[in-house]
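Visitor: Could you have a look at this structure, given as structure tokens, before my questions?
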Amino acid sequence: MPWDVIKLNDGNVIPKIAFGTWTLGNGQQATDNVDQAIDVGFTHIDTAQSYRNEAEAGVAIHESGLAREDLFITTKYSGLNGLDVETSIQNSLQNLGVKYVDLYLVHHPRLAVPDIPTLWAKMEKIKQDGFAKSIGVSNFEIEDLQVLLASAKIKPAANQVLLAWASAKGAIVVTSSTKKERLEGYLDAGDIKLTPEDVSAIDSAGVAGARCMVVRSTLKRLVVVALVGAAVLGTCGYFGIDVL
């Protein structure tokens, strides 16, 4: 299962494959599915305020018996219930039952009230206070990133993009499958080695299949949504920011 890790621009590392909770709903079934993912070998859990199942993920994390440092936890500020980012991170930590998250993301630029620089300064303080090891963004376009970077003291570590292809690309895969055999298959896919010709062929198919995958060669958006029930978090050299 050589999915290994990717080094972020702040020096922290992130597992290449994650289990996402966005399709799980809430209640016991959500907890059971996170528990199953951890049981088959997933060490990266990806959740968010707006998924409304951070608490369920937290129960599964606690019940796993794993040490905190053995799990990588990503969550996102989604502006749920109109709460500000300072209150939201504390709520997320309480829901998850942890003292810090490994990666905290702004879920969308529209949450930047009154503006992007003000919100990002608050994100920087969250990192400085030790509530998040890394901070980043999601769904930000190039123009949004330019505004952010003009005043940022800490650059975003990430921006939220077929499985062996993702590994070959140095990307991070997030799946929300509830099928145990699929989860095991995703982990096993890390063993597949593609040749440069294989990767090129899949790239070409992705560009041609516009109905299946959103790829903008102009980098209008730094996001690619992949098939097979996975959202891929990839490495992007633009601005030195990783794409989530």
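Visitor: At 7 Å along Cα-to-Cβ for each site, give me the label-to-label distance between D70 and A150 in nm.
Guide: With each label placed 7 Å out from Cα toward Cβ, I get 4.8 nm.
Visitor: Once amide H atoms are built 1.01 Å from N in the peptide plane, which residues 5 or more positions from V13, or in another chain, come under 5 Å H to H?
Guide: The answer is L8.
Visitor: In addition: Which ³J(HN,Hα) values in Hz, rounded to whole numbers, follow from the phi angles of the stretch 5-22 under the Karplus curve 6.51 cos²θ - 1.76 cosθ + 1.60, where θ = phi - 60° and Gly and Pro get x?
Guide: Working through the residues one at a time gives 9, 10, 7, 7, 6, 9, x, 6, 10, 10, x, 6, 10, 9, 9, x, 9, 5 Hz.
Visitor: How much length, in nm to one decimal, is gained on full extension between L83 and E141, taken as 0.36 nm per residue of separation minus their Cα-Cα distance?
Guide: 18.5 nm
Visitor: When only DSSP loop residues count, what trypsin sites (Lys or Arg not before Pro) in the stretch 42-117 have their Cβ near at most 10 other Cβ atoms within 10 Å?
Guide: K99
Visitor: Which residues' amide hydrogens lie under 5 Å from the amide hydrogen of K133, considering only partners 5 or more residues apart or on another chain, with H built in the peptide plane?
Guide: It is V101, D102, L103, by chain and number.
Each value in this text was obtained by applying a stated rule to the coordinates, not by laboratory testing. Not measured: the values here are computed from a predicted model. Don't worry about glycine lacking a Cβ; one is built from the backbone with ideal geometry, like all the others, and counts go over all protein chains shown.
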